[in-house]
Each structure stands twice: as structure tokens, then as C-alpha cells.
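Before any comments, here is the structure.
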Amino acid sequence: MLKNPFIKDSVTNQYQALINQINALENNLKTLTDTELRNKTFQLKKQYQEEQSLNSLIAESFALTREASFRTLGLRHFDVQLIGGLVLNSGNIGEMRTGEGKTLVATLPAYLNALTN
């Protein structure tokens, strides 16, 4: 019997909990000033130095990147683009067509991994 690839082990289901966390943070970040948003980066860097793990920072860093992108470029990452960022961050390759936001997707893991410097 054939297994339906869209039911259990799909990439969307694998990352749905993180997507929900990122979306939950969005309203709180919208109320911050630009300076407060910038200071969040320093807080995340400090948290990384203490924990030496990026896993606990994924949701907040992706939410910060989404908000910064919206404020500066007027472009908001869609959930499917967040999934693309999570796929890239996990070391996998995601395929996207022209116009689906590959450059925007790349900003998510780039910002997260920049916290290690």
C-alpha cells in the first residue's frame, strides 16, 4: 500500500511547532521601537554566549528577521518562507521557483548564524 506523503512526515508538519512559535512572537515585536528591536539582537547574542546553542534562539531570531524585513523592505516572510529558512538552517537544500523569495528566505538562517560572532 502506498503511503500519502502529505499526511505524517511532511516538512510542513515537521516544522509546524516552530512556525507557530514564530507567529506567536510577531504581535509582541510589532510594538517595539527600532532601537528596542535592535537591542534584541544583543540579547540573543548574549543568550547564545551563555548557552552555546542556537536551537533555543530559532523562533525569536526568525521572528526578529521577519519584523526587520517588514520595516526596512516592506516584505514580510510567509510561513512557507519560514519553512524554507528552517530547512536551510538544518543543513538541507530547499527548491524554490523564481519569485518565491529565495533571497528573503536566506536572511533567516543568515541572521541566526550571525549571532555566533
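The values are calculated or read from the model by the stated rules, or taken from the named source; none is laboratory data. Model, not experiment: these values are computed from the prediction. Cβ sites come from the backbone with ideal geometry, for glycine too, and all protein chains shown count toward neighbours. Ligands, DNA and RNA are stripped out before the accessible areas are found, and what is left, the full protein with its side chains, is counted by its heavy atoms. Shrake-Rupley method; radii C 1.70, N 1.55, O 1.52, S 1.80 Å.
The residues of the range 1-27 that are modelled with pLDDT of 75 or more and open to solvent by 90 Å² or more (accessible area, probe 1.4 Å), listed by number, are Gln14, Gln21, Asn27.
Being of a type in the set (A, V, I, L, M, F, W, C), within 10 Å of the chain's Cα centre (by Cα) and modelled with pLDDT of 95 or more narrows it down to one of Leu37, Leu108, so name that one.
Among Leu37, Leu108, only Leu108 is of a type in the set (A, V, I, L, M, F, W, C), within 10 Å of the chain's Cα centre (by Cα) and modelled with pLDDT of 95 or more.
Within the range 40-82, the only residue that satisfies the criterion of being more than 21 Å from Thr116 (Cα to Cα), of a type in the set (Val, Ile, Thr) and modelled with pLDDT of 95 or more is Thr72. Annotation for the range 52-63: at least one member residue is within 18 Å of Val105 (Cβ to Cβ), touching a Gly at 6+ places or on another chain (Cβ under 8 Å) and not polar (S, T, N, Q). Taking the range 28-117 as the region of interest, the helices (runs of 4 or more DSSP H) fully inside it that hold 1 or more residues being touching a residue at least 60 places away in the same chain (Cβ under 8 Å) and either surrounded by fewer than 13 Cβ atoms within 10 Å (Cβ to Cβ) or among the charged types (D, E, K, R) (or both) are 34-51, 79-89.
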